[in-house]
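The values are calculated or read from the model by the stated rules, or taken from the named source; none is laboratory data. Everything numeric in this text was worked out from a predicted model, so none of it was measured. Glycine gets a Cβ as well: all are built from the backbone with ideal geometry, and neighbour counts include every protein chain shown.
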Amino acid sequence: MNIDGRPTRTIWLADDGATVEVIDQTRLPHRVSTKRLASLADAADAIRTMVVRGAPLIGVTAAYGLALAMREDASDEGISRAVETLAATRPTAVNLRWALDRMAAALTRPEVNDRVAAAYRLAAEMADEDVATCRAIGEHGATLIRDAHDRTGRTVNVLTHCNAGWLAAVDWGTALAPVYVAHDAGVPVHVWVDETRPRNQGAALTAFELGQHGVPHTILADNAGGHIMQHGRVDLCIVGSDRTTASGDVANKIGTYLKALAARDNGVPFYAALPASTIDWRLDDGVAEIPIEERGPREVTHMTGRTETGDIVTVEIASPGSPAANPAFDVTPARLVTGIITERGIAAASREGLASLFPEHAPRP
Ligand code: MRU
């Protein structure tokens with residue numbers, strides 16, 4: 001995608017061929033800047049502090065983090081230590097574990113004699129794969145938008161929550177990829193962007209990237225979605241996911257579940273768009289089994305923004321001294337999910353639906 005007309009990804013190998021550059025998402029939309037990751041500690045820190053965020057991007061950053069770690073210590077113990085350090089950064093997005101397991105398995109193969117080179121190669125491959133996967137999700141998901149337009153003959157209104165666009169992946173994104181593909185093909189589409197408290201990924205990141213791409217959009221306070229659905233102003237909801245069970249329960253940014261409930265009550269189709277690397281095939285009951293990240297209270301009691309004079313400041317918005325809780329994700333049960341948009345097509349949100357697209361993960365009879 002583009003920022004100010006310049007094509008960019010969210011993560012890339014720097015010109016020195018060793019360090020890694022990422023877009024610093026803690027400063028968007030007010031400042032477009034990059035951060036250089038030169039060590040395992042830098043990569044772990046970037047994920048933990050949300051300089052990079054979004055399930056697919058967390059996975060690819062972890063892969064590059066392991067490559068950086070190999071320059072420091074390429075022994076078996078070095079791999080285990082790096083995997084543990086990176087896996088501990090954020091608990092919900094399973095793409096992190098998926099990427100680390102894949103890297104560790106490849107690096108410990110007996111035929112690998114240069115672990116540093118192999119790690120950089122595989123991390124780059126995973127970044128390219130993520131782009132192709134998200135693009136395929138976009139192609140499949142765009143059929144829903146096109147069909148809605150053919151049915152109604154008017155602009156299709158898509159509601160999304162949090163940021164599951166290209167900033168959450170290497171490029172294209174998951175939930176927003178169908179929007180970009182449809183928009184680029186000339187299908188009139190408008191996006192309702194949930195602001196997504198407490199960190200405002202919708203208002204800050206989704207609105208930024210849609211604006212950069214010229215996609216019509218409107219930011220909504222988080223509590224407004226139900227109201228606009230009741231008034232027929234949403235044709236479909238598309239969200240991303242950080243972990244989806246084999247049975248189709250979808251964990252995504254806190255507040256997603258409430259949107260799915262409102263969608264069901266109003267007959268609005270509710271889709272989750274995600275790559276296979278987001279599916280945790282070991283899990284069945286998302287509410288009971290998916291670990292939900294609990295973040296610090298300061299994200300709820302304080303807000304960061306830009307003053308009219310251009311300074312970026314953080315202000316307290318809550319009554320001083322009141323405690324705050326901050327669960328970062330919630331689980332939308334499969335029964336509320338109309339379908340799951342993947343790189344292989346759109347599946348029913350059920351064990352059978354997902355297994356039909358990914359038979360290699362179906363339990364053997
Ligand atoms: O806490 P974040 O910003 O990492 O949460 C991101 C989300 O919840 C996204 O919707 C999800 O990772 C899907 S990203 C394509």
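Structure notes:
- Pairs where the first residue, in the range 82-103, is assigned by the TED database to the domain that holds ASP42 and the second is away from the ligand (no atom under 14 Å from the Cβ) and assigned to a loop (DSSP other than H, G, I, E, B), C-beta under 8 Å, 6+ apart: ALA82/ASP73
- Some residue of the range 119-126 being surrounded by 16 or more Cβ atoms within 10 Å (Cβ to Cβ), outside any helix (DSSP H, G or I) and not aliphatic (A, V, I, L, M): no
- Residue count for the range 173-188 under the criterion of being in contact (Cβ under 8 Å) with a residue 24 or more places away in the chain and surrounded by fewer than 24 Cβ atoms within 10 Å (Cβ to Cβ): the result is 5.
- Hey, VAL22 touching a Lys or Arg at 6+ places or on another chain (Cβ under 9 Å), outside any loop (DSSP other than H, G, I, E, B) and under 18 Å from GLU129 (Cα atoms) or not: yes
- Which listed residue is touching a Phe, Trp or Tyr at 6+ places or on another chain (Cβ under 6 Å), of a type in the set (A, V, I, L, M) and in contact (Cβ under 8 Å) with a residue 40 or more places away in the chain, from ALA74, ALA123: ALA123
- Count of residues meeting criterion [closer than 21 Å to ASN157 by Cβ and either crowded, with 17+ Cβ neighbours inside 10 Å or within 16 Å of the ligand (Cβ to nearest atom) (or both)] in the range 267-293: 5
- Residue within the range 300-308 that is under 17 Å from the mean Cα position of the chain (by Cα), assigned to a loop (DSSP other than H, G, I, E, B) and assigned by the TED database to the domain that holds SER350 present: no
- ALA334 being assigned by the TED database to the domain that holds PRO291, under 14 Å from ALA276 (Cβ atoms) and either touching a Cys at 6+ places or on another chain (Cβ under 9 Å) or aliphatic (A, V, I, L, M) (or both): no
- Picking from residues in the range 49-75 that are assigned to a loop (DSSP other than H, G, I, E, B) and closer than 15 Å to ALA106 by Cα, the one that is farthest from the ligand (Cβ to nearest atom) is SER75.
- For the range 209-238, the set of residues classified as part of a helix (DSSP H, G or I), surrounded by 22 or more Cβ atoms within 10 Å (Cβ to Cβ) and more than 13 Å from the ligand (Cβ to nearest atom) consists of LEU210, GLY225, MET229, listed by residue number.
- The residue of the range 50-84 that is nearest to ILE279 (Cα to Cα), among those that are surrounded by fewer than 18 Cβ atoms within 10 Å (Cβ to Cβ) and hydroxyl-bearing (Ser, Thr, Tyr), is SER80.
- Qualifying residue in the range 28-47 (condition: closer than 30 Å to GLY202 by Cα, within 16 Å of the ligand (Cβ to nearest atom), among the aliphatic types (A, V, I, L, M) and assigned to a loop (DSSP other than H, G, I, E, B)): yes
- Residue list for the range 97-118, filter: in a helix (DSSP H, G or I) and of a type in the set (D, E, K, R): ARG97, ASP101, ARG102, ARG115
- Remark: ALA349 falls outside the filter, which requires a residue to be touching a Pro at 6+ places or on another chain (Cβ under 6 Å) and of a type outside the set (D, E, K, R).
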